[in-house]
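For reference, the structure is listed below as structure tokens.
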Amino acid sequence: MLLDTILDTIYPLSSTSKLLFKQISTEVSFPKGHIVLRANKMESSIYFIKKGIVRIYTTTLDNEITFLFCKEGDPIISMKSYVLNEKGYEDIELLEESTLYEINAIKLQELFEKDIQIANWGRKFAEIELIKTEERLLAQQFKTATERYKELLKNNPEVIQRVQLGYIASYLGITQVTLSRIRAELK
């Protein structure tokens, strides 16, 4: 997915503002399994996925809990680092060989000061991320595992095809055995 398309999906920008944005972005590629962002580390970059899929997870004493998948067009960001300049709590792993647009967060903050369109883009970006977080929280609190799986099938069918079942089960908050049972019931 092109950076112009990703930017305009969040908030339409003029060609001048897009050019400023592109001047602070770099296209980078990493292999499957690469950890893009690490927990307990202050992150200085945000990314947008040009090609690939990632999982965002946290580690407890005895396992890893996946709480989000991101694919083409989605941001990869430690909001805690980005907003509060504090160490993040999440690890972000590439599940496929991936190409990303890397943007230095400090340079982006500087653009917010210089360009009102980019500042509005940043506000809209934060609002969208807040809504997505709220929707995930509500789904986890009020929907059954079967309902969450059906929603994943409906809204992100490519995740089912591109991500191993163990990560999907973790995302749904269930075991792989329960996920297999849900999948069998839905066939």
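The values are calculated or read from the model by the stated rules, or taken from the named source; none is laboratory data. What you see is a predicted model, and the numbers here were worked out from it, not measured in a lab. Using ideal geometry, Cβ is built from the backbone for each residue, glycine included, and neighbour counts are taken over all protein chains shown. Only protein heavy atoms, including side chains, enter the accessible area calculation; ligands, DNA and RNA are left aside. Shrake-Rupley method; radii C 1.70, N 1.55, O 1.52, S 1.80 Å.
Here Tyr82 passes the criteria (1) at pLDDT 95 or above; (2) within 21 Å of Lys22 (Cβ to Cβ); (3) not in a loop (DSSP other than H, G, I, E, B) except the one numbered (1). Taken over segment 1-30, residues that are closer than 14 Å to Asp115 by Cα, surrounded by 12 or more Cβ atoms within 10 Å (Cβ to Cβ) and free of Cβ contacts under 8 Å to residues at least 60 places away in the same chain amount to 3. Taking first residues from segment 124-145 that are farther than 27 Å from Ser180 by Cα and partners that are open to solvent by less than 80 Å² (accessible area, probe 1.4 Å) and part of a helix (DSSP H, G or I), the Cβ contacts under 8 Å between residues at least 6 apart in sequence or on separate chains come to Lys124/Ile10; Phe125/Ile10; Ile128/Ile10; Glu129/Met79. Just to be sure I understand, how many residues within segment 147-187 are in contact (Cβ under 8 Å) with a residue 12 or more places away in the chain, open to solvent by 40 Å² or more (accessible area, probe 1.4 Å) and over 25 Å from Glu97 (Cα atoms)? Total satisfying the criteria: 7.
On inspection, Val54 qualifies as touching a Cys at 6+ places or on another chain (Cβ under 8 Å) and surrounded by 15 or more Cβ atoms within 10 Å (Cβ to Cβ).
Inside segment 38-79, residues that are closer than 18 Å to Ser25 by Cα, of a type outside the set (Phe, Trp, Tyr) and either assigned to a strand (DSSP E or B) or touching a helix residue (DSSP H, G or I) at 6+ places or on another chain (Cβ under 8 Å) (or both) make up a count of 11. I'd like the residue in segment 1-55 that is charged (D, E, K, R), at pLDDT 95 or above and touching a Ser or Thr at 6+ places or on another chain (Cβ under 7 Å) and, out of all such residues, is farthest from Val159 (Cα to Cα). Result: Glu27.
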